[in-house]
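Take a look at the structure below.
The values are calculated or read from the model by the stated rules, or taken from the named source; none is laboratory data. The shown structure was predicted, so the numbers you read here are calculated from the model rather than taken from an experiment. Reconstructed Cβ throughout: ideal geometry from the backbone, glycine too, with neighbour counts over all protein chains shown.
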Amino acid sequence: MVTAYIGLGSNLGCRRENLLQAWARLGEVKGVKLLALSSPYRSEPVGMESTSWFINAVGSLQTSLQPEELLAAMLAVETGLGRKRGLTGRPEDRSIDLDLLYWGKSICNKPRLILPHPEIANRLFVLLPLAEIGPGVIHPVRHKTSLEMLQECMAKQAEDDPGSEVQKTSWAPGNNEVPR
C-alpha cells in the first residue's frame, strides 16, 4: 500500500457537501483506504476568472492502485458528481475537482499525469490543508516538507499579493455556503 494525497476543491453548488461526497466515494473504490481529511479552506479562485470562491481540502489515503488507476478512479468520482470538463482547456467553475498531489514518493512526468502535482509549492489553498494533515511530508523533487513549503509560500504571498485570502472554515452544514 502506498500513501497518496488528494486535493479537493469546489466552487459550485453546496461546496462542502461536494467535497464530502467526493471523499466518501473515493473511500468506496476497491484498493483505497481513507486516512485523513483536512479542515476545509475558503479561497478565491486562482488562475481563472470567477466570482465564486472555492472550498478546498486535502485528504490522505492508502492505496494498492497504481497512480494512473487512482487518477482514473478520481476522474470517475468527478464525473459521477456532475463535473463537466469544458472544451476550451481553460479552468472553469466546477462542482468538484480532485487533484493527485502525491503518490508515495513517486516522480512522474507523463502527458496525463505529473507527480508530484506541479503547483503544490505555489498554492496556499493546497499547502494549508496539506500541512495540517501531513506537515512532515517531503516533496520528492524540492526535498522540503509541507510545512517548509507553506512558510515559503506565505512569505512570498505576503510580498506579492497581500490581499489574497485563504481562510480556514469548518465542515458544519451551511457554513459560508454562499459563494463570495
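Quick check on the range 31-40. Is at least one of its residues touching a residue at least 24 places away in the same chain (Cβ under 8 Å) and on the phi > 0 side of the Ramachandran plot? Looking for residues that are touching a residue at least 24 places away in the same chain (Cβ under 8 Å) and on the phi > 0 side of the Ramachandran plot, one finds at least one in the range 31-40, hence yes. Within the range 42-60, is there a residue that is surrounded by fewer than 14 Cβ atoms within 10 Å (Cβ to Cβ) and modelled with pLDDT of 95 or more? Scanning the range 42-60 turns up no residue that is surrounded by fewer than 14 Cβ atoms within 10 Å (Cβ to Cβ) and modelled with pLDDT of 95 or more. The set of residues in the range 95-111 being surrounded by fewer than 15 Cβ atoms within 10 Å (Cβ to Cβ) and in contact with a helix residue (DSSP H, G or I) (Cβ under 7 Å, 6 or more places away or on another chain) consists of C108 alone. The residue of the range 1-19 that is surrounded by the fewest Cβ atoms within 10 Å (Cβ to Cβ), among those that are touching a Pro at 6+ places or on another chain (Cβ under 9 Å) and part of a helix (DSSP H, G or I), is E17. Counting only strands (runs of 3 or more DSSP E) that fall entirely inside the range 25-67 and contain at least 3 residues that are touching a Gly at 6+ places or on another chain (Cβ under 6 Å), the qualifying elements are 54-63. Of all the residues in the range 166-176, those that are modelled with pLDDT under 85 and exposed (fewer than 13 other Cβ atoms within 10 Å of the Cβ) number 3.
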